[in-house]
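Just below is one structure, and these are the notes that go with it.
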Amino acid sequence: QKEVEQNSGPLSVPEGAIASLNCTYSDRGSQSFFWYRQYSGKSPELIMSIYSNGDKEDGRFTAQLNKASQYVSLLIRDSQPSDSATYLCAVNQAGTALIFGKGTTLSVSS
Amino acid sequence: KAGVTQTPRYLIKTRGQQVTLSCSPISGHRSVSWYQQTPGQGLQFLFEYFSETQRNKGNFPGRFSGRQFSNSRSEMNVSTLELGDSALYLCASSLRDRGAEAFFGQGTRLTVV
């Protein structure tokens, strides 16, 4: 059973701080890794994708991938109250379905 | 460019009835996946279609079925509805079926009473 694990939280950070969200996965053959943001009552929105080991930066977001440790993370710099949402980690291997973790709820206080 | 469109947005059905949900992917996208989201279980994979062929199927009973048409639009059907089928049903479209980024529609909120 392929699994994607996330700490459900809530993760609480003050405005302006760095939020660190973590995800581990069980399928060593996984090749594609994604982070989605889901606001309450809305559908998931893709915010980052990463395919190779290392860091990928996009604005205030940085995704980090370590395939040897089967670990992917998302850093949000200068966190804003508008970043308060549930963040979903998703993983797949070529030809297989995209599998999601249950999400980490982030709360940014002003 | 239009996003993923799901219809209807909300549905209320009675136990034992059946329901059909529709998804129109982003223009040019050929892969459509369906997910069920509930507070307790999170996002659970139902099935994935690419070029009218079911490529992957999740661990759901046979009451859940789907299909994809030649224009990439997809439908999913749930027969003999149960109270536990109440959930947000999400459709995601991708350009291709192998590790591509997936973009979600707004979802269909199904309530079974």
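What follows is calculated from the coordinates using simple rules that are stated; it is not laboratory data. Please read all numbers here as calculations on a predicted model, not as lab measurements. Note that each Cβ is placed from the backbone with ideal geometry, even for glycine, and that neighbours are counted across all protein chains shown.
Show me the trypsin sites (Lys or Arg not before Pro) within the stretch A:19-55 that DSSP assigns to loop and that have at most 14 other Cβ atoms within 10 Å of their Cβ.
Answer in residue order: A:28, A:42.
Using only Cα atoms, what is the ratio of the radius of gyration of chain A to 2.2 N^0.38 Å?
1.01
Would you compute the Debye intensity of chain B from its alpha-carbon atoms alone, equal scatterers and no solvent, and pass along log10 I(q)/I(0) at q = 0.12, 0.23 Å⁻¹ to two decimals?
Evaluating at q = 0.12, 0.23 Å⁻¹ gives log10 I(q)/I(0) of -0.37, -1.32.
What is the count of Lys pairs in chain A whose alpha carbons sit under 20 Å apart, if the two are 8 or more places apart or on different chains? Numbers along the way, then the final one.
Working: A:2/A:67; A:2/A:102; A:42/A:102; A:56/A:67.
Lysine pairs satisfying the spacing and distance rule in chain A number 4.
List the relative contact order of chain B as a percent without decimals, with contacts defined as Cα pairs under 8 Å and 6+ residues apart. Each step should come with its number before you reach the end.
Values: 296 pairs, mean separation 41.1, N = 113.
Averaging sequence separation for qualifying contacts and normalising by length gives 36 percent for chain B.
Taking the Cα centre of the stretch B:64-113 as origin and charging only Cβ (+1 Lys, Arg; -1 Asp, Glu), how large is the dipole, in debye to the nearest 20? Please list the in-between numbers first.
Details: 5 positive and 5 negative charges, 38 e Å.
Its charge dipole is roughly 180 debye.
Is the shape of the protein assembly as shown rounded, prolate or oblate, going by the alpha carbon gyration tensor and its root eigenvalues a ≥ b ≥ c, with a/c under 1.5 for rounded and a/b larger than b/c for prolate?
Numbers: a/c = 1.85, a/b = 1.46, b/c = 1.27.
Taking the square roots of the gyration eigenvalues as a ≥ b ≥ c, the protein assembly as shown is prolate.
Quick check: pseudo-label points 7 Å beyond the Cα along Cα→Cβ at residue A:109 and residue B:63, how many nm apart are they?
4.4 nm
With the contact rule set at Cα under 8 Å and sequence spacing of 6 or more, what percent relative contact order holds for chain A? All intermediate terms of the calculation are to be shown ahead of the outcome.
Values: 279 pairs, mean separation 41.9, N = 110.
With pairs under 8 Å counted, the relative contact order is 38 percent.
Just the number, please: percent antiparallel of the DSSP beta bridges in chain B, rounded to the nearest 5.
That works out to approximately 90 percent antiparallel.
For residue A:85, what is the net charge nearby, where nearby means another residue's Cβ is under 10 Å from its Cβ and Lys, Arg count +1, Asp, Glu -1?
Working: positive: A:37, A:42; negative: A:45, A:83.
Summing Lys/Arg as +1 and Asp/Glu as -1 gives 0.
Which Cα, out of B:18, A:110, A:47, lies furthest along the positive dipole direction of the protein assembly as shown (beta carbon charges, K/R +1, D/E -1)?
Of the candidates, B:18 comes out farthest on the positive side.
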